[in-house]
Amino acid sequence: MFAAGVIADRPPSVPFHGGLADTSGFGDRFTFAFIRHPLEFWLSYWGFRMRTGWDLENGIDSTAASADFGEFIDALVRHHPGAASAVYEQSVGRAGEEIDFVGRHERLADDLCVALGLAGEVFDEQRLRSHPPANRADLVRYPACYTRETAERLAAAESAAIERFYAHDPIPRRLLGQPEEPARPGALHLQRSAIELRDARAELAALRRADLALQSTLETQRRELADAREALSLLRSSRVLRWSRPLRLTWYSWRANPSLRGRVSWSAWRRERRRELHRASKPPVSALGAGAPAPISARRSRRPPRVPV
């Protein structure tokens, strides 16, 4: 995705190949994943291990590691049948409960463009399609292909994933070292139907998310309306409308502050505000005392003298 101009940050708590259980905290986001045919998956896995080395702490490598591809598949079928099918289910969900979009590695660029478009991401499609493949198996240095018998045994072991995602092509001819058969009209129709079904599921998932967001907004507005109606009912049933303006402002400020209502009752808050207003309305301290009135003689001295008759 970086090649398309999309920056994706993986939180440190999420493993590199984490499944749905590892990313449950991001379930509200658009989710997509890519799978590939199980036979091609294990062929690529063997080529990757031959190129980078076997990890003997890994359960599969510890029991199936072999420089011979046929021996690797035999051990894999014997000790870990259906391992790829289990990985796919952990990544895309159970049948009927899939994530928003499941792409195919066989059409990686096309499906990635569809997924990014459905997710609402802005990306450079030309740049994505022109990016060279990376991390490919070196089949020149480590050649491998299935025999018909080996492919059938592995297909039977991975029947869950094959019947679910690749029922139209359970054993690809290209993996047997044979040229692909020309696609029959029925197979093309089936592939188009599968693509239309996938797109319809993605659109349905997007509509469901939009509906959930709308329901949440509607519920919030209903709660706010109920609070406003309750406040209006209390206002009408009380004597607030007959109070003085400062007292009404005091009541409004107390009623609009839920944390204040939880800590202080209206009577206590009213008394406190009265004391504050009383302290604020006291006259300033004069030189004659703490707000004491001027002496009578001083007040009389300011009167004009009487004119005797």
| Of all the helices (runs of 4 or more DSSP H) wholly in the stretch 1-94, which have at least 2 residues that are closer than 28 Å to SER130 by Cα? | 38-52, 83-92
| request: Run down PHE48, PHE69 and say which single residue is in contact (Cβ under 8 Å) with a residue 12 or more places away in the chain and within 32 Å of the chain's Cα centre (by Cα). | output: PHE48
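If you go through the stretch 118-133 one residue at a time, do you hit one that is hydroxyl-bearing (Ser, Thr, Tyr) and touching a helix residue (DSSP H, G or I) at 6+ places or on another chain (Cβ under 6 Å)?
Of all residues in the stretch 118-133, those hydroxyl-bearing (Ser, Thr, Tyr) come to 130.
Checking the rest, the ones that are also touching a helix residue (DSSP H, G or I) at 6+ places or on another chain (Cβ under 6 Å) come to none.
For the stretch 118-133, residues hydroxyl-bearing (Ser, Thr, Tyr) and touching a helix residue (DSSP H, G or I) at 6+ places or on another chain (Cβ under 6 Å): absent.
Looking for whichever is of a type in the set (A, V, I, L, M) and over 25 Å from LEU204 (Cβ atoms) here; the options are ALA21, ALA83, ALA8. Which one fits? Spell out the reasoning first.
Working: ALA21 fails: over 25 Å from LEU204 (Cβ atoms); ALA8 fails: over 25 Å from LEU204 (Cβ atoms).
That would be ALA83, the only listed residue that is of a type in the set (A, V, I, L, M) and over 25 Å from LEU204 (Cβ atoms).
Would you confirm whether any residue within the stretch 141-155 is touching a residue at least 24 places away in the same chain (Cβ under 8 Å), under 31 Å from the mean Cα position of the chain (by Cα) and more than 19 Å from ALA75 (Cβ to Cβ)? Spell out the reasoning first.
Applying the first criterion (touching a residue at least 24 places away in the same chain (Cβ under 8 Å)) to the stretch 141-155 yields 141-142, 144-148, 150-151, 153-155.
Those still in the list that are under 31 Å from the mean Cα position of the chain (by Cα) too: none.
No: zero hits.
Coordinate-derived values only; no laboratory data. The shown structure was predicted, so the numbers you read here are calculated from the model rather than taken from an experiment. Here Cβ is always computed from backbone atoms with ideal geometry, including for glycine, and neighbour counts include all displayed protein chains.
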